Amino acid sequence: MSSSSSSFSLLFVAIFLVSFSQTTLSLSSKYFLTSHHDDDENIINPKKFPIKMAEKLIRQLNLFPKHDINIVSSLESNYEEEKRLFEKKLDLSYIGDSGSTLQDFGHHAGYFPLVHTKAARMFYFFFESRSNKNDPVVIWLTGGPGCSSELALFFENGPFQLSDNMSLVWNDFGWDKVSNLIYVDQPTGTGFSYTTDESDIRHNETGVSNDLYDFLQAFFKAHPEYAQNDFYITGESYAGHYIPAFASRVHQGNKDKEGIYINLKGFAIGNGLTNPEIQYKAYTDYALDMKLINQTDYDNINKLYPNCQQQIKLCGNGREDACLKGFRDCTSIFDSIMDIVGNVNYYDIRKTCEGSLCYDFSRMETYLNDGQVKKALGVPSDIDFVSCSSSVYRAMQADWMKNLEVGIPQLLEDGINLLVYAGEYDLICNWLGNLNWVYAVEWSGQNGFGAAPSVSFTVDGEDKGVLKKYGPLTFLKVRDAGHMVPMDQPKAALEMLQRWIRGELS
Ligand SMILES: *[C@@H]1O[C@H](CO)[C@@H](O)[C@H](O)[C@H]1NC(C)=O
Ligand SMILES: *[C@@H]1O[C@H](CO)[C@@H](O)[C@H](O)[C@H]1NC(C)=O
Ligand SMILES: *[C@@H]1O[C@H](CO)[C@@H](O)[C@H](O)[C@H]1NC(C)=O
């Protein structure tokens, strides 16, 4: 990590929104393989390029990926010749009771080659439902950009959790209790996903969503018995960018009769970044409301916004240079708030970071880099697990300020359901910014949504949040949760998913 990350200000964690502060970086793909000049930049201008910022921030998650990105020059194994899918039925041992009502259900892991790439292979886990094979297929995407979805698998909503002593313990609130659940490592270079050709590294949502579409086609080709099931896209944080792009891509593919028809019923964004113009404006409002800053701070920091907004608008008009400049200008708003609040955990403002650590996800890296585990997962021995890739992150920098809300009206008009949910104590992708962009979506139900009542979301008689719904659009503010809702409120999160996919979240 150390040599390659220039200045993550990240927020990696599960969110994996990472916030950067730095000036222009070359976006040429060459950059990704030769990252040693970062240190020079630090020396030239230590203020602009805080020394080892990335290292510090990733350490907050207690993550230390050995490599920065999975681009390999060649593989020792004969994997290269393996053009078809590779999937293994998992045989791992678990502690506890699965609570399954089925005799037999499968856990799988594997790789699909992406047909429109030079050499990319996308790694995934697939967990058949513990309840019913006819349950919907749900795919989960973790953000970053560049963080592995295994963070969610092991610490949020997977079938099992990774305990301190490295054993897998059944999770009573795994989302596989109500769905056939897929976790995928993407964009290419993240997690166990890899390529031998750097032109496969993605820079925008066109590339990301095409790869995901190809992944899904390969998946349903390999598992045709699930192709008729309802299909939902879910995820968190920077996936607020991926998810709408992917949903639109699937919807378009269906309309164009491009491949296997995918029964897309909805998409859900958890504490996401979707509409930067609105969400960057909301930082100071949220921080003031939560008493993280005072009125004087508020007025001062707000002066940074017009510049940020202008760049975002230019970025939206296709000016790539403005996208990069906006990234820097807008990040200064967030950084200014963090300068005031100190070591508050920006994923959960109720917490502070102890020492340099805000979370400890390190055992995931230890576990997944174990030779036996990799073998069980069908991962080539020469591929290391990249928990959060600073190179994938950097490659997506010009994507950050793009507004991914633009495709949503069409999806809503066509009856595809959207759930936007947010834990109330997350600063980085706070609920206020999310609610504001949801209000601003221009569709036929905009007034109806605005006028819809706010009702309590209760689980077992307990108040777990506030809900607003109109037609296919639902917003849920989750109580007592930070950025990672399924980690903080596992039972409420499972209830949310279950009611939503059954049309009972209202
Ligand atoms: C490991 O941790 C799990 C969950 O905390 C516990 O049930 C199990 O007994 C532990 N195993 C060992 C060998 O200590
Ligand atoms: C997305 O990135 C690719 C390069 O990876 C580029 O060719 C393409 O023009 C970009 N598309 C958009 C819409 O920016
Ligand atoms: C507001 O907070 C700043 C520190 O962030 C402090 O210097 C200033 O005195 C405070 N102003 C008021 C009016 O409390």
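What follows is calculated from the coordinates using simple rules that are stated; it is not laboratory data. Keep in mind that this is a model prediction, so the values were computed, not measured. Glycine gets a Cβ as well: all are built from the backbone with ideal geometry, and neighbour counts include every protein chain shown.
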Next item on the list: Would you be so kind as to identify which of THR331, LEU473, ILE69 lies farthest towards the positive end of the dipole of the chain, taking Lys and Arg as +1 and Asp and Glu as -1 on Cβ and the Cα centre as origin?
Entry: LEU473
Checklist line | For the range 376-506, size of Cβ-based charge dipole, Lys and Arg +1, Asp and Glu -1, in debye | finding: 220 debye
Notebook entry, point to check: Of all trypsin sites (Lys or Arg not before Pro) in the range 326-424, which ones are in loop regions per DSSP and have a Cβ with at most 13 other Cβ atoms within 10 Å?
Noted result: ARG350
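Using 0.36 nm times the number of residues separating SER456 and SER506, minus their current alpha carbon distance, what extension gain do you get?
Stretched out fully, the SER456 to SER506 stretch lengthens by 17.1 nm.
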Next item on the list: Note down, for the range 363-506, the three equivalent ellipsoid semi-axes (square root of 5 times each alpha carbon gyration tensor eigenvalue), biggest first, whole angstrom.
Entry: 34, 21, 15
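Quick one: order PHE267, PHE105, PHE126 by neighbouring beta-carbon count within 10 Å, fewest to most. Mind dumping the intermediate values first?
Working: PHE267 27, PHE105 18, PHE126 24.
Starting with the residue having the fewest Cβ neighbours, the order is PHE105, PHE126, PHE267.
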Check: Cβ under 12 Å from ILE340's Cβ, ILE340 left aside: what net charge do those residues give with Lys, Arg +1 and Asp, Glu -1?
Finding: -2
Check: How many angstrom separate the Cα center of the range 186-239 from the Cα center of the range 475-496?
Finding: 25 Å
Check: In the structure displayed, which of LYS177/LYS464; LYS265/LYS468; LYS221/LYS265; LYS177/LYS257 lie more than 25 Å apart, Cα to Cα?
Finding: LYS177/LYS257
Notebook entry, point to check: For the pair ASP256 and ASN307, how long in nm is the line joining their label points, each one 7 Å along Cα→Cβ?
Noted result: 4.1 nm
Next item on the list: If a/c stays under 1.5 just call it rounded; otherwise compare a/b with b/c (prolate if a/b is bigger, oblate if not). Do that for the chain, with a ≥ b ≥ c from the square roots of the Cα gyration tensor eigenvalues.
Entry: rounded
Notebook entry, point to check: Are there cysteines in the chain with no other Cys C-beta under 4.7 Å, and if so, which?
Noted result: CYS429
Checklist line | Ordering of 146-157, 298-309 by packing [mean C-beta count within 10 Å, highest first] | finding: 146-157, 298-309
Checklist line | Cβ-defined net charge surrounding SER163, 13 Å radius [Lys, Arg +1; Asp, Glu -1] | finding: -1
Item checked: Relative contact order [Cα under 8 Å, 6+ residues apart], the range 286-376, whole percent -> 20 percent
Notebook entry, point to check: Under a plain spin-label model, where a point goes 7 Å from the Cα along Cα-to-Cβ, how far apart in nm are ASP382 and LYS88?
Noted result: 1.8 nm
Margin query: From Cα pairs below 8 angstrom and at least 6 apart in sequence, can you work out the relative contact order of the chain, rounded to a whole percent?
Written below: 19 percent
Check: Farthest toward the dipole's positive end in the range 103-245, which of PHE192, PRO224, SER179, given Cβ charges of +1 (Lys, Arg) and -1 (Asp, Glu) about the Cα centre?
Finding: PRO224
Check: Dipole magnitude of the range 319-395 about its Cα centre, charges +1 at Lys/Arg Cβ and -1 at Asp/Glu Cβ only, in debye to the nearest 20?
Finding: 160 debye
Note to self: Order these by the 10 Å Cβ neighbour count, fewest first: CYS388, CYS315.
What the structure shows: CYS315, CYS388
